[in-house]
Amino acid sequence: MSVTVNRPRSAEADRAARTVAVPPAGRRVGQRSGRRVAVGALLVVLSVVVFWQVDLRRHADESFLAVARPVAAGQVITDADVEVVWVANSSGLALLPAGQRTGVVGRTAAVPLAAGSLLTVGQVGPAAWPPAGQAVIALPVKPGRAPAGLAAGARVVVLVAPPAGAAQTAPQGAAGGAGVRRAVATVVSVEAGGDQVGAQLVTVLLAADAAEAVASATGDVSVVQLGPGR
């Protein structure tokens, strides 16, 4: 016959049992912190989305006219020359609203209009090109006498060298040595010139007196592109 004796547990055994039964407090704190971080990140994302939607609605009706393709000064603006774009911040710009499209079509470009640029009030109306005191001339340039990639807006020096054996004196407004005509100009356009491969027709804007001197000179034209600030 066996007898089972229940012995009382010591105080240390009771404390060990309670320690095992209770999960670590640090784990619960970490779980709560993770949830708070996730909720906070979600609130930030929602705030950004709401702000973007409100801002988009606020500026959705700010549509203006832009130039769809290049238009020369004095040319009549057609409906295909303009397009509607949306601008979020137009403060300080005299832009033409999209609602004025019918009033713009049929008028002339006061200055050359570049494709992709916003259309402003001062660019539409009677031709104001070239500006007072300046002139536009077209120069035939032979292959190898102009930089590759020359484009509108470039600042250049135009040189016209007289034919061999010809003696010329450079007039005022077109400085140059040994009969060479020289003038600083801005490129308006560059096109293929004539049947000769590589020849170009370069249209430039320059001072009126220099334009007359360069246009009246005989000889080969060379175009030198200037760097920024020159």
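The values are calculated or read from the model by the stated rules, or taken from the named source; none is laboratory data. Quick caveat: nothing in here was measured; it's all calculated off a predicted structure. Because the Cβ atoms are built from the backbone with ideal geometry, glycine has one as well, and the counts that use them run over all protein chains shown. To get the accessible areas, we keep the full protein, side chains included, count just its heavy atoms, and leave off ligands, DNA and RNA. Shrake-Rupley method; radii C 1.70, N 1.55, O 1.52, S 1.80 Å.
Table for the structure above
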{"item": "Within-12-Å neighbourhood charge of Gly106 [Cβ basis; K, R +1; D, E -1]", "result": "0"}
{"item": "Residue-count net charge about Gly116 - beta-carbon cut-off 14 Å; Lys, Arg +1, Asp, Glu -1", "result": "-1"}
{"item": "Probe 1.4 Å, all protein chains present, accessible-area order of Glu212, Glu191, Glu62, largest first", "result": "Glu212, Glu191, Glu62"}
{"item": "Area accessible to solvent at Val76, 1.4 Å probe radius, in Å²", "result": "70 Å²"}
{"item": "Hz values of 3J(HN,Hα) by residue in the stretch 151-164 - Karplus curve (6.51, -1.76, 1.60), Gly and Pro given as x", "result": "9, 4, x, 6, 8, 9, 10, 9, 10, 10, 8, x, x, 4"}
{"item": "Two-site label geometry, Leu118 and Ala164: point separation in nm, points 7 Å out along Cα→Cβ", "result": "5.6 nm"}
{"item": "Accessible surface, 1.4 Å probe, highest first, among residues Ser216, Ser63", "result": "Ser216, Ser63"}
{"item": "Theoretical gain in end-to-end length, Asp195 to Ala128 [0.36 nm per residue, Cα-Cα removed]", "result": "20.8 nm"}
